[in-house]
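Read the structure below first, then the notes.
The values are calculated or read from the model by the stated rules, or taken from the named source; none is laboratory data. Keep in mind that this is a model prediction, so the values were computed, not measured. In this analysis, Cβ positions are derived from the backbone assuming ideal geometry, glycine residues included, and neighbour counts consider all displayed protein chains. Only protein heavy atoms, including side chains, enter the accessible area calculation; ligands, DNA and RNA are left aside. Shrake-Rupley method; radii C 1.70, N 1.55, O 1.52, S 1.80 Å.
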Amino acid sequence: KVDFDAITSPVLVIGAGHDRGVNPRIARTTARRHRNATYIEIPNADHLVFDGEFLPTTMNHIDDWITTHDPFGCPTPTA
């Protein structure tokens, strides 16, 4: 069993809009269980959001999320 309250860092959950391998509700439900979660759905994607035509979209979402959520707890660089 996962203790979702024990996870204090930001969490990113990615779902695919047309996933036939995993019910899309699972990703949304998983995101709701974490107190610091963000759910991103890749529209029109099937289960392979990290492959082919959906890879750039997925990576852009991840880059944007990392920039705004600082999941690694890194200090902001100064110039």
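Each principal axis of region 7-64 carries a Cα extent, and these read 33, 25, 13 Å when sorted largest first.
A dipole drawn for the chain from +1 and -1 charges on Cβ atoms has a positive end, and of Val11, Thr30, Thr57 the residue lying farthest that way is Thr30. With the simple model of a label 7 Å out from the Cα in the direction of the Cβ, Arg20 to Thr57 spans 1.7 nm. Charge dipole (Cα centre; +1 on Lys/Arg Cβ, -1 on Asp/Glu Cβ; no other charges) of the chain amounts to roughly 440 debye. With all protein chains kept in place, the per residue accessible area of the chain amounts to 73 square angstrom at a probe of 1.4 angstrom. Here the extension length gained between Asp64 and Thr38 equals 8.2 nm, from 0.36 nm per residue of separation less the Cα-Cα distance. When a 1.4 Å probe is rolled over the protein heavy atoms, the share of accessible surface on the chain that falls to carbon and sulfur comes to 55 percent.
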